[in-house]
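Novice: Here it is, the structure in full.
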Amino acid sequence: MPPPPHTKPENVLKRAQELIGVGQTQAALALLHEHVTSKRSRNNTIAALEPLMVLFVELCVDLRKGKSAKDGLFQYKNIAQNTNVGTIEMVLKRFIELAEQKVTEAQAKAEEIQSSLESANATANIEDLEATETPESILLSTVSGEQSRDRTDRAVVTPWLKFLWETYRTVLDILRNNARLEIMYQTTALQAFQFCLHYARKTEFRRLCELLRNHLQNAAKYSAQMHAINLNDPDTLQRHLDTRFQQLNVAVELELWQEAFRSIEDIHTLLSLSKRPAKNVMMANYYEKLTRIFLVSENYLFHAAAWSRYYNLLRQSAHVVAAGQGLKKDNPAVSEADMTRAASFVLLSALSIPVISTSRSRGALVDVDEAKKNKNTRLTNLLGMNQAPSRAVLFKDALNKGLLMRARPEIRDLYNILEVDFHPLSICKKISPILTQIGADPEMEKYVQPLQQVILTRLFQQLSQVYESVELKFVYSLAQFPEPFQVTSGTIEKFIMNGCKKGDLAIRIDHATGILSFDSDVFSSAKALHPGTAAGSAESETSSVQRLQSTPAEIVRSQLTRLAKSLYLTCQYVDPSYNEARQQAKAAAFARAQEGAQKEHEEALVRREVIDKRKTAASNALAQKEKEEATQKRIRAQQILEAENQRLREEQREREQKRLKAEQDRIRQEELKKQIEDLKTGVKGIDVSEMDLDDLDTNRLRAMKLAQLEKEKNELSERLRVTGKRIDHLERAFRREEAKILPRDYQAQRERDLAAYEETKAATLKEAEQKHKDDVALKHRLTRLVATYESFRDSVHERRHEEFEKRRKAAEKDLQNKMNLRRKEYHERKAREQFEAEERERAAREEEERIAREAEEKAAREEETRRRLTEEKEKREEERRKLDEIAARQRQREIEAEEKLKARKTGGPERGPERGPERGPERGPARPAEGERGPPRLNLAGNKPSWREREAARAAAGATGEAAPPSDVPTAEADLPKRTGYVPPHMRGRANPQAPREPSSNDAPASGWRPASHQDSSSRDESPADAGSAGKWVPRHLRGDAPAPAPAPADNGSRIPARREESPAESSGPQKYRPGAFRRGGQ
């Protein structure tokens, strides 16, 4: 069954607006609240819910329904936090703005009411004008005890202030522990702080601080929840720190010192969690607020320590900014005046630390002492100090940093009087002007009272070193302070008693004689039994007070010490062997130390390495453990989340099933009730009170209803029949009686109509006659004005005609000017268009000419390039032809040399024709025989013969035995370097080495060069197996012992050369170098 139409957000919004329009705001709010908090609203889109929520919060604010707003906003946050966080922030901001606006309006209304009351009282009728108050006002003020403004504010403003406070709390509760809404949460907290500060709401501020503290604890406790904030995130922690610092500032402004101290503890906790160091400007504010808190709590020791930390931070910030290592916005603005002021307060606060504790606790109580120690430890941690501060440590630190030079002159003089100089009779007299200057400063006036305690302490300490007894009057005269800081005698006596109780003073007062005696008992103690406790002195044993002489008690306490020192010096002078033994022991100790120094150093290094390794292993194990724990935690959280989601789904399914079943039962019951009501409301209702509703079903009720309807139908038909018959007889009787009186009634009605007509006719004639007379009189009265009217009309016509003519001429002139201007513009435009067209034509012609000129230049360049390439080709052909001729001549000489070599091998006496120094006629190029390889060819483009040409050359060489290389194969014979021929040892000797040797064609000049014969006898493309026809291949080391093979035929295709025979004479003769005697190509 589809949901009813009013459940859609659009319909609900429209219905609510209609209700608001008729003034039913309560009903509209109830309707919106019901829709927002229903489960069906979760399925609606955010865009549809957002305007509805805006109207909802507006109605909640107008009607001050904070609880309804909280329920609706919580539901809306659950719906929209996973999809659109911005809409939540927008609705909450609107909620806060409306509440603040209502407070402002309430304040304005209260001011208006108060001003009206005052004006009404001022203008009231008072019998006695000289009376300032009436008896009624006196009686009302006595009973109520408050003024009219307070009553007005309580009646008008206070309810809205309460609602605004509830608004802030509601928004903070909604936004808590949600990382997506963290910024809005911090912003709302700051607005709540400003609300408390502006309206001085101290109680609400305490509650707000506690609320924020609980939220932070819950965030740390439930950090595994979805969208929970992560306090380990530096940005989140920084935002919380900013909020806590603002909380601290507001607490100080409201003078809520306990809340301020708690805020300090919260800040310290967050700083300890932060991995990022805090900014100096924030820490400066932190220490400055600590100084105020400690001063209010009269904890002067930690107050001075906080001032010291504040001064150190200012120095550090100044150095950082001066060195350019930090930003100015992250550091407090520090000037010389600020440093002087801070140094003065550091020194003054340290001087104000009481030497004698003013607390009322008993030092002998261990529990109190332990509580005091724990408190000091907490305060020390808040200040970030390693150990608890003391008066002597603070003075030492101040002197080391040169604060005396920076402090104000009167503070410097005060330090010298109290801590350096010894003047018991004039100490108060010298300090009085300084106290006057300090009291004149509002910021330093608070230190006067603790300074008086310190001054009195110094006075009695110094008097005890000079006098044994003094008169009380003399003491009172010495302890004189300027007005209004004068102390009474009772205050002085109370101070003496407190010092004696704490053990810092040993004084007796005799009021009978008026004598003040300083205790000189040698066995009395001048200190407390429990030094360092709350009851003891604030100074250490080594006091900074200047002493003239030791007291008898100190002499007795130090007698044994002085005796030991004297005996020690006596032993050194009386027994020289004691010094020698001591020196020897010292030298032996030094020797042992030197001998074991290196070993100790090495052991220390080893121990250090072991410690480092253990630390590294421990850190790695800890990191691994943390990682595993984080993984397990994440897995557990995921499992818990999955189990929770599964449980929620199961519950949702069960709830849905129950809802469907309940809905079906409800619908069935409603149908039954409706049918039962129909049965009851019939003509003769059926009594179903005795029936059991659980036993009834729809079919039975339907049958009962049909039977009842049939019965009612029959009864109705019978009643209609009887009634119709009765009405018919009655109407017939009425008509019979009416026919008797109809003529008489007609005549009376005719007479009444005729009289009314005559009366109306006479009145109409009278009105027409009177109207005619009035019109004639008006005509005669207006006839006198006709001439004047006509003259005025003519003058108006003439004037308007002249004006018309003037305007017509001006318009015609203006029209003519515009026409001339349009003609001029038209002609100029035509001329410009013609000029532009001519320019375009000229540019087109120039472009065509340029294109044609470029084409001609390009053709000329191409022609020049072709011509140059042709010339270069012809030149290359000529060079190739020359190289071919040179190669042919060289080849011819090689062939002749080979023939002569073969003839010598066969023993023939024939020799080739002798070659003289001059060359014979050039012979044409000859193609080398098949299997021979010519000189290396140049790798020129287009000169490589194809495989068909190579096959044809081989075939021709095989047929003719001699051929020239192709003309298009260039050689570089003439360009290659010349070298001498190598002659093997077995060929260098001859039978007659002295006989002159005739030159032959085989001989070559010393600088001659021949290509290897195996390159000439075979082609690169042939394999060694093709040369098997020339004989078996013989290794190089067996060629001298093997029989000489038969001479090779004229076929030059063999790759195995024929070895020539050697004679013993040649082998045994001198190994003379013979150029060209051995060639690799001749093997």
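The values are calculated or read from the model by the stated rules, or taken from the named source; none is laboratory data. Keep in mind that this is a model prediction, so the values were computed, not measured. We place every Cβ from the backbone using ideal geometry, glycine too, and count neighbours over all the protein chains shown. Areas reflect the complete protein model, heavy atoms only, side chains present, ligands, DNA and RNA absent. Shrake-Rupley method; radii C 1.70, N 1.55, O 1.52, S 1.80 Å.
Novice: Might you work out the accessible area of Lys900 for me, using a 1.4 Å probe with all protein chains in place, and round it to the nearest 10 Å²?
Specialist: Solvent-accessible area, nearest 10 Å²: 10 Å².
Novice: May I pose another question? Starting from the residue with the highest accessible area, list Cys500, Cys428 in decreasing order, probe 1.4 Å.
Specialist: So, going from the largest accessible area down, we get Cys500, Cys428.
Novice: How far apart, in nm, are the 7 Å Cα→Cβ label points at Ala733 and Gln669?
Specialist: Label-label distance for Ala733 and Gln669, simple model: 5.8 nm.
Novice: Distance in nm between label sites at Asp510 and Glu812, each 7 Å beyond Cα in the beta-carbon direction?
Specialist: Label at Asp510, label at Glu812, 14.2 nm between them.
Novice: Suppose every Lys and Arg Cβ carries +1 and every Asp and Glu Cβ carries -1, with no other charges. What dipole size does segment 203-335 come out with about its Cα centre, to the nearest 20 debye?
Specialist: 340
Novice: Leaving ligands, DNA and RNA out of it, work out the accessible area of Ile507 with a 1.4 Å probe and give it in Å² to the nearest 10.
Specialist: 20
Novice: Same structure, new question: Determine which lysines satisfy two conditions relative to Lys65: a Cα distance under 25 Å, and not lying fewer than 8 residues away in the same chain.
Specialist: Counting by Cα, and skipping residues close in sequence, Lys65 has these lysines nearby: Lys8, Lys14, Lys39, Lys77, Lys93, Lys102, Lys109, Lys162, Lys202.
Novice: When ligands, DNA and RNA are left out and all protein chains stay put, how many square angstrom of accessible area per residue does segment 279-407 have with a 1.4 Å probe?
Specialist: Ligands and nucleic acids excluded, the figure is 50 Å² per residue.
Novice: For segment 768-824, report the translational diffusion coefficient in µm²/s to the nearest whole number, using Stokes-Einstein at 4 °C, 1.567 mPa s, and a Kirkwood Rh over Cα pairs.
Specialist: This corresponds to a translational diffusion coefficient of 84 µm²/s.
Novice: Quick check: net charge around Gly21, other residues with Cβ under 12 Å of its Cβ, Lys/Arg +1 and Asp/Glu -1?
Specialist: Within the 12 Å Cβ shell, the charges total +1.
Novice: When only the heavy atoms of the protein chains count and the probe is 1.4 Å, how do Tyr578, Tyr311 rank by accessible area, highest first?
Specialist: Tyr578, Tyr311
Novice: Still on this structure, I have one more. Work out the FRET efficiency for Arg726 and Leu63 from their Cβ-Cβ distance, taking R0 = 56 Å, and round it to the nearest 0.05.
Specialist: Efficiency, from the Cβ-Cβ distance: 0.35.
Novice: Please calculate the 1.4 Å probe accessible area of Thr870, with all protein chains present, and give it to the nearest 10 Å².
Specialist: Here the residue's solvent-accessible area equals roughly 70 Å².
Novice: Residue separation times 0.36 nm, minus the C-alpha to C-alpha distance between Ala662 and Ala955: what's the value?
Specialist: Between Ala662 and Ala955, full extension yields an extra 94.1 nm.
Novice: Sort Tyr300, Tyr467, Tyr757 from largest to smallest accessible area, using a 1.4 Å probe on the heavy atoms of the protein chains.
Specialist: Final ranking, largest accessible area leading: Tyr757, Tyr467, Tyr300.
Novice: Sticking with this structure for a sec: Local charge sum around Asp233 (other residues, Cβ-Cβ under 11 Å, Lys/Arg +1, Asp/Glu -1)?
Specialist: +1
Novice: Sticking with this structure for a sec: Return the FRET efficiency for the residue pair Glu210, Ala593: r is the Cβ-Cβ distance, R0 is 56 Å, and the value is rounded to the nearest 0.05.
Specialist: 0.35
Novice: Which value, in debye to the nearest 20, describes the size of the charge dipole of segment 390-522 about its Cα centre when Lys and Arg Cβ atoms bear +1, Asp and Glu Cβ atoms bear -1, and nothing else is charged?
Specialist: 340
Novice: Where the centroid of each part is defined by its Cα atoms, how far is segment 296-361 from segment 829-851 in Å?
Specialist: 88
Novice: Principal axis lengths of segment 279-407 from Cα atoms, whole Å, largest first?
Specialist: Reported extents, whole Å, longest axis first: 54, 28, 23.
Novice: Let me ask you something else. R0 = 45 Å: FRET efficiency of Glu879 with Glu847, Cβ-based, nearest 0.05?
Specialist: For Glu879 and Glu847, the calculated efficiency is 0.45.
Novice: With a probe of 1.4 Å, find how much accessible area segment 848-901 has per residue, and write the answer as a whole number in Å².
Specialist: Result: 71 Å² of accessible area for each residue.
Novice: Something else: With the crude spin-label approximation of a point 7 Å out along Cα→Cβ, what separation in nm comes out for Arg94 versus Asp173?
Specialist: Each label point is offset 7 Å from its Cα along the Cβ direction, giving 2.2 nm.
Novice: Could you give the length gained on full extension between Ala47 and Leu821, defined as 0.36 nm per residue of separation minus the Cα-Cα distance, in nm?
Specialist: Length difference between fully extended and current span is 272.5 nm.
Novice: What are the trypsin sites (Lys or Arg not before Pro) within segment 209-304 that DSSP puts in a loop, where the Cβ has at most 12 other Cβ atoms within 10 Å?
Specialist: Passing both the DSSP loop test and the Cβ count: Lys275.
Novice: Just how large is the dipole of segment 279-407 about the Cα centre, in debye to the nearest 20, putting +1 at every Lys and Arg Cβ and -1 at every Asp and Glu Cβ?
Specialist: 60
Novice: Moving on to the next point. If you keep only loop residues by DSSP, which trypsin sites (Lys or Arg not before Pro) in segment 447-510 have at most 11 other Cβ atoms within 10 Å of their Cβ?
Specialist: Qualifying residues, ordered by number: none.
Novice: How many angstrom lie between the Cα centre of segment 577-645 and the Cα centre of segment 204-261?
Specialist: Result: 38 Å between the Cα centres.
Novice: What's the extension gain from Ala837 to Lys858 if we count 0.36 nm per residue and subtract their Cα-Cα distance?
Specialist: Stretched out fully, the Ala837 to Lys858 stretch lengthens by 4.5 nm.
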